[in-house]
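Data first, discussion second: the structure below is written as structure tokens.
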Amino acid sequence: MPIQNPIHRALQSYKAAFSGLSPEAWVLATVMFVNRAGTMVLPFLSLYLTEGLGFSLEDTGYVMACFGAGSMLGAFNGGYWTDRIGSYKVQSFALFGGSILFLGLSFVSSFWLLCLGIFSLTAVADMVRPANSAAVFEYAKPENVTKAFSLNRMAINLGFSLGPAAAGLIAAMNYQGLFWADALTCFGAGILFTAYFRKRQPRQARETKPKGKSPFRDRSALAFSALVLLFAIVFFQLVASLPLYYRGEYHLSEEMIGLLLGANGVLVVGCEMVFVNWAQNRIKPRFAIALGCIVLAISFASLNLLDGVPNLFVSMGILSIAEILAMPFMISWITLRAGEASRGRYLGIYAATYALGHILAPIIGTRMIAGAGYASLWWLCTGIALVAAIGFSQLPPATARQSQP
């Protein structure tokens, strides 16, 4: 039997990873790619507030916490209304409403108005997250649900890899331009979404009669959410503290910071789908997530153990491996746990947990930096990630007790 060329084997692996996905899954992923390619404000928000507007680290932490608080409300509302009026209407409102609010926010510079504006923006724009996840399930072929979710995440990460890199170039010229770019991409995503899905019916119809079980009465789902929160507090130092660290300790330019943050998305895009295609029937989700948390701990520990700009890319690479291991299986676990009638609310609490991580990550990060320094923050992140790893390894299987109507 002839030995296959390694390049041919790699191409075959990629082909297998993307095969069997529905056209709707591809369009939903494209919508999220366009939307997340406009992820330009968030990676540079801390620098915009401290350098562009002259805010203190503490005030910067509070503004970024408002970002998380609004995101949390948006996630809850997005999940709630998805279960009641459907994912199409929720996504349309979130995309077009977010575009308008991004544009308006570009003209705001006072502390209290920024807090209110950032909160309002994410309360509307982040309704798209649980609604889009529910739509992925509704339009996916039953045998390819996990792959459809991974495709969606790949699109988000591809957008996030391009967004910060472009944002670095824009921020070097004008921070205000970041808000205009985000407004434009939200509007473009909304046009694409409504044009394609306006008259389409989902493959898996949304159940409207039974209420289903509340995620707040599911102890395993609540335990899972608490562990996701620990993961999120650590992971979101990626945007809350790492840009400040790169600037303050290594004096990197906006362009170099954008390349570092964008490297995360490039690695995830290049590897996640192939890994998920191989691992989905070989590794139990809770163990893959636990391993991802251990790798996340190693990533932040390396910031204290290694020195030099090249090692910043090494640390970012390790963090990307952690994301590939953990995040695809997190959303699969909570989606399977939900059952048919409660999917929007379970996905809502999942998205809201990440949003709460957005609230706590900048507060913890900026206060630790101001009071104890970067090294203490990185050791704290290492410890939190290891605690999360132990917790995830003890979770029951997602389908052990699904919610029933």
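Scanning for something surrounded by 24 or more Cβ atoms within 10 Å (Cβ to Cβ), at pLDDT below 80 and either of a type in the set (D, E, K, R) or more than 16 Å from the chain's Cα centre (by Cα) (or both), does region 343-353 turn up at least one residue?
yes
Can you say whether Ala322 is more than 15 Å from the chain's Cα centre (by Cα) and either surrounded by fewer than 22 Cβ atoms within 10 Å (Cβ to Cβ) or touching a residue at least 12 places away in the same chain (Cβ under 8 Å) (or both), as far as the supplied structure shows?
On the way: more than 15 Å from the chain's Cα centre (by Cα): no; either surrounded by fewer than 22 Cβ atoms within 10 Å (Cβ to Cβ) or touching a residue at least 12 places away in the same chain (Cβ under 8 Å) (or both): yes.
No; evaluated as a whole, the condition is false for this residue.
May I ask you to say which residue of Gly104, Gly78 is of a type outside the set (A, V, I, L, M, F, W, C), within 23 Å of the chain's Cα centre (by Cα) and modelled with pLDDT of 85 or more?
Details: Gly104 fails: within 23 Å of the chain's Cα centre (by Cα).
Unique residue meeting the criteria: Gly78.
Can you name the number of the only condition in (1) outside any helix (DSSP H, G or I); (2) within 26 Å of Lys213 (Cα to Cα) that Gly344 fails?
(1)
Please find, among Ala375, Ala398, Ala385, the residue that is modelled with pLDDT of 90 or more, among the aliphatic types (A, V, I, L, M) and over 26 Å from Gly70 (Cα atoms).
Numbers: Ala398 fails: modelled with pLDDT of 90 or more; Ala385 fails: over 26 Å from Gly70 (Cα atoms).
None of the others qualify; the one that does is Ala375.
Do any residues in region 231-260 that are more than 30 Å from Ala290 (Cα to Cα) have Cβ atoms under 6 Å from those of residues that are surrounded by fewer than 24 Cβ atoms within 10 Å (Cβ to Cβ) and modelled with pLDDT of 90 or more, where the two are at least six apart or on different chains, and which pairs are they?
Listed pairs, sorted by first residue: Leu252/Tyr246.
Please work out which one of (1) modelled with pLDDT of 85 or more; (2) buried (at least 16 other Cβ atoms within 10 Å of the Cβ); (3) more than 20 Å from the chain's Cα centre (by Cα) is the condition Leu57 fails and give its number.
Tallying (1) modelled with pLDDT of 85 or more; (2) buried (at least 16 other Cβ atoms within 10 Å of the Cβ); (3) more than 20 Å from the chain's Cα centre (by Cα), Leu57 fails exactly one: (1).
Just for region 367-381: of the residues that are of a type in the set (A, V, I, L, M) and in a helix (DSSP H, G or I), which one is surrounded by the most Cβ atoms within 10 Å (Cβ to Cβ)?
Selected residue: Leu377.
The values are calculated or read from the model by the stated rules, or taken from the named source; none is laboratory data. What you are looking at is a predicted structure, and each value in this text was computed from that prediction instead of being measured. No Cβ is skipped: glycine too gets one built from the backbone with ideal geometry, and neighbour counts run over all protein chains shown.
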